[in-house]
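For reference, the structure is listed below as structure tokens.
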Amino acid sequence: MLISIIRTVILYAFVMFAIRLMGKRQISDMQPSELVVTMVISDIASLPMQNTSQPLLSGVVPVLILVSLELTVSAVMLKSLRFRKLICGSPVVIIEDGKLLQKQLKRLRLSVDDLCAQLRQQNIFSLGDVQYCIMETNGSLSVLEKPQKRTPNADESGVKIDDNKIEAVVINDGKFISSALKLCGADEKQIDNILNSNNTNRNKVFIMTMDGNGKTNIILKEN
């Protein structure tokens, strides 16, 4: 039993490392090749977990080969548009200038109900509101509404909006987040001074956020 637990922990850590090597993507953002490799890796890794008589390397070596292949394919796709098109396909226009392209729907085997469901997820409840709709290679929809249906931005409305820049968590449960400090252009000494001016210290802070202009929000730990 102990051997099975140890093998499972080792394979779990190894698969997590392998997935990290492949890059940070959500399942919905994966290209076909990435999704296939991820599914195959999970199947291969499960075999040595279930069968302790099987060598651990029988799971590790195939995973290494698959990850190497995926990294190689990704590198080639960056260099060759033709190869990328062969592996990932091309975006497909479903609605063009307000007209629904029925042939493209049939080609994608996408029903109108499925199309409407995906549009509703983007807060679009009428096909008549869409000017362009494109099915991307990862299966997601990119939608451009008709001009009269688009929400005007600040530039179009002539409204001036203050730039607060990005806000990041600089302290989490009493610990500094160095990457967030760098993002906000601050350092630990500056944060400590802010906390002192608020009659508190880092150990009492649950969450502290800061934006690029120095605006902070402090949430103390509960007693």
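Quick one: how many residues across the stretch 201-220 are more than 12 Å from residue 167 (Cα to Cα) and part of a loop (DSSP other than H, G, I, E, B)? Reasoning before the result, please.
Taking the stretch 201-220 first, the residues more than 12 Å from residue 167 (Cα to Cα) are 201-207, 218-220.
Subset that is part of a loop (DSSP other than H, G, I, E, B): 201.
The number of residues fulfilling the criteria is 1.
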Give the number of residues within the stretch 109-150 that are charged (D, E, K, R) and assigned to a helix (DSSP H, G or I).
-> 5
Looking at this structure, is residue 76 modelled with pLDDT under 85, not polar (S, T, N, Q) and not assigned by TED's automatic domain parsing to the domain that holds residue 143?
-> no
Any chance the stretch 139-161 includes a residue that's aliphatic (A, V, I, L, M) and in contact with a Gly (Cβ under 8 Å, 6 or more places away or on another chain)?
-> no
Between residues in the stretch 77-91 that are touching a residue at least 12 places away in the same chain (Cβ under 8 Å) and part of a loop (DSSP other than H, G, I, E, B) and residues that are β-branched (Val, Ile, Thr) and surrounded by 13 or more Cβ atoms within 10 Å (Cβ to Cβ), which pairs lie under 6 Å by C-beta distance while being six or more apart or on different chains?
-> 89/137; 91/134
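The values are calculated or read from the model by the stated rules, or taken from the named source; none is laboratory data. Because the structure is a prediction, the values reported are computed rather than measured. Because the Cβ atoms are built from the backbone with ideal geometry, glycine has one as well, and the counts that use them run over all protein chains shown.
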